[in-house]
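Participant: Before I ask anything, let me first share the structure, which is written out below as structure tokens.
The values are calculated or read from the model by the stated rules, or taken from the named source; none is laboratory data. Source: prediction; values computed, not measured. Cβ atoms come from the backbone with ideal geometry, glycine included; neighbour counts cover every protein chain shown. Just the protein is used for accessible areas: all its heavy atoms, side chains included, with ligands, DNA and RNA removed. Shrake-Rupley method; radii C 1.70, N 1.55, O 1.52, S 1.80 Å.
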Amino acid sequence: MSFFGFGQSADIDIVLNDAETRKKAEHKSEDGRKDKYFLFYDGETVSGKVNVTLKYPGKRLEHNGIKIEFIGQIELYYDRGNHHEFVSLVKDLARPGELTQSQTFDFEFTHVEKPYESYTGQNVKLRYFLRATIGRRLNDISKEMDIVVHTLSTYPELNSSIKMEVGIEDCLHIEFEYNKSKYHLKDVIVGKIYFLLVRIKIKHMEIDIIKRETTGTGPNVYHENDTIAKYEIMDGAPVRGESIPIRLFLAGYEMTPTMRDVNKKFSVRYYLNLVLIDEEERRYFKQQEITLWRKGDIVRKSMSHQAAIASQRFEGSSYPEKPQTQSNAEDDG
């Protein structure tokens, strides 16, 4: 069975150096299944070992070189097979030759730039992975290992409140206010709705969080709207002068940070949609974009205290947050 060098084959295994201590994050695959992957951040080193195990001890394996790649790529589902790589690093592990026994190769990609967050959407996928390859004359042997990347942010320096009015002349005049325009993924949206004029019979009112994924450019632009959350504000008719408080906890929903024009391929934006339904089932709504960001522990110390006071002011609380310590990790709070 060893004619033309077909007799020997090998299994490849990629093992990270810090596999036992590195945090894992849940990430959704294309088929909707959730799996856990090793979690990395921008600028972190990716290092480990590639184990090559020969299937038939005693037989040699001829190869055209062994290498490992670190790849970040975007795949648009309407353009499958055409992968857009924004990160592509290669390390040669062995020159062309032959393996006479199983062998382990060390690799290290130092301070790797990972500019975007891992994302699996309706029409697009952004993924990072390691790929080890044994070059063969006819058929290469390769193994891929996916990782997940989260992008961390600090407190936004400007985070103004949102004030808007919804009105139908001589029938309805509503003013609503949200405490800020930028929220971290485990934040609370706090707001108030004021009814200044009510001459139509409103029977139901809700706030929706809508995720809008935009892919492609020019004539090939696709928009996908997905309602992430529905929050009932009121069931029944409001009266003039009434104000209704809003408190919407984001931690329970699956959301990503806002992504704008990622590698000129796609965007993911989030909107608060205020919906009113009258007794004749007519719908009135007003949409407002909000920015979502992933909170990290890396904070400008001069800003952290001010930002904490600003975020508490709207809720009337006098307990400022403690300044966060500086470390490269996600804040679970």
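Participant: How big is the accessible area of residue 98 in square angstrom, nearest 10, if you roll a 1.4 angstrom probe over the protein chains?
Facilitator: About 90 Å², rounded to the nearest 10.
Participant: If you roll a 1.4 angstrom probe over the protein chains with everything in place, what fraction of the accessible area of segment 162-293 belongs to carbon and sulfur, to the nearest %? Each step should come with its number before you reach the end.
Facilitator: Numbers: 2960 of 6640 Å².
Taking all protein chains in place, segment 162-293 shows 45 percent carbon and sulfur surface.
Participant: For segment 10-149, with every protein chain kept in place, what is the accessible area per residue (1.4 Å probe, Å²)?
Facilitator: Dividing the accessible area of segment 10-149 by its residue count gives 53 Å².
Participant: Still on this structure, I have one more. 7 Å from Cα along Cα→Cβ at both residue 165 and residue 15: what's the point-to-point distance in nm?
Facilitator: So the two model labels end up 6.8 nm from each other.
Participant: Something else now. Taking H placed 1.01 Å from N in the peptide plane, check which residues at least 5 places from residue 290 or on another chain put their amide H under 5 Å from its amide H.
Facilitator: 270, 271, 272
Participant: Just reorder 104, 291 by solvent-accessible area, largest first, 1.4 Å probe, all chains present.
Facilitator: Greatest to least solvent exposure: 104, 291.
Participant: Separate question: Taking θ = phi - 60°, what integer Hz values does the Karplus form 6.51 cos²θ - 1.76 cosθ + 1.60 yield along segment 121-131, in sequence order, with x for Gly and Pro?
Facilitator: Running phi through 6.51 cos²θ - 1.76 cosθ + 1.60 with θ = phi - 60° gives x, 6, 10, 8, 9, 10, 9, 10, 7, 9, 9 Hz.
Participant: Could you state how much accessible area residue 253 has, in square angstrom rounded to the nearest 10, with a 1.4 Å probe and all protein chains kept in place?
Facilitator: Its accessible surface works out to 70 Å², give or take rounding.
Participant: Tell me, what HN-Hα J-couplings in whole Hz come from the Karplus equation 6.51 cos²θ - 1.76 cosθ + 1.60 at θ = phi - 60° for each residue of segment 246-253, using x for Gly and Pro?
Facilitator: Computed from phi, the couplings for segment 246-253 are 10, 8, 10, 8, 7, 4, x, 10 Hz.
Participant: Moving on to the next point. Given a 1.4 Å probe and heavy atoms of the protein chains only, how would you sort 83, 223, largest accessible area at the top?
Facilitator: Details: 83 85, 223 120 Å².
Result, largest first: 223, 83.
Participant: Measure off, as a whole percent, the carbon and sulfur share of the 1.4 Å-probe accessible area of segment 38-104, all protein chains present.
Facilitator: Taking all protein chains in place, segment 38-104 shows 41 percent carbon and sulfur surface.
Participant: Also, quick follow-up: Straight-line reach from residue 192: which lysines have a Cα under 23 Å away, not including same-chain ones fewer than 8 places off?
Facilitator: By straight Cα distance, residue 192 reaches 163, 180, 182, 201, 203, 211, 230, 286.
Participant: For residue 264, give me every one of the lysines with a C-alpha distance below 18 angstrom, ignoring sequence neighbours fewer than eight places off in its own chain.
Facilitator: Once the sequence-local lysines are set aside, what remains near residue 264 is 114, 125.
Participant: Over segment 162-293, give the accessible area per residue in Å² for a 1.4 Å probe, as an integer.
Facilitator: Accessible surface, normalised per residue, equals 50 Å².
Participant: Further question: Of all the Cα-Cα pairs you can form in segment 167-235, what percent are over 21 Å apart?
Facilitator: Across segment 167-235, Cα pairs with separations above 21 Å total 48 percent.
Participant: At a probe size of 1.4 Å, how large is the accessible area of residue 168, to the nearest 10 Å²?
Facilitator: 60 Å²
Participant: In what order, largest first, do 18, 261, 13 sit by accessible area if the probe radius is 1.4 Å?
Facilitator: From most accessible down to least: 261, 13, 18.
Participant: So what's the angle, to the nearest 10 degrees on a 0 to 90 scale, between helix 301-313 and the longest Cα principal axis of the chain?
Facilitator: Approximately 40 degrees, to the nearest ten.
Participant: Next question. Need one number: convex hull volume per residue for the chain, Cα atoms only, in Å³.
Facilitator: 173 Å³
Participant: Grab the other residues whose beta carbon is less than 13 angstrom from that of residue 279, score K and R as +1, D and E as -1, and report the net.
Facilitator: +1
Participant: Treating segment 10-149 as a set of equal point scatterers at the Cα positions, no solvent, please give the Debye-formula log₁₀ I(q)/I(0) at q = 0.15, 0.21, 0.22 Å⁻¹.
Facilitator: Debye curve over Cα of segment 10-149, log10 I(q)/I(0) at q = 0.15, 0.21, 0.22 Å⁻¹: -0.81, -1.28, -1.34.
Participant: If you place +1 on the Cβ of every Lys and Arg and -1 on the Cβ of every Asp and Glu, how big does the dipole about the Cα centre of segment 162-293 come out, in debye to the nearest 20?
Facilitator: 520 debye
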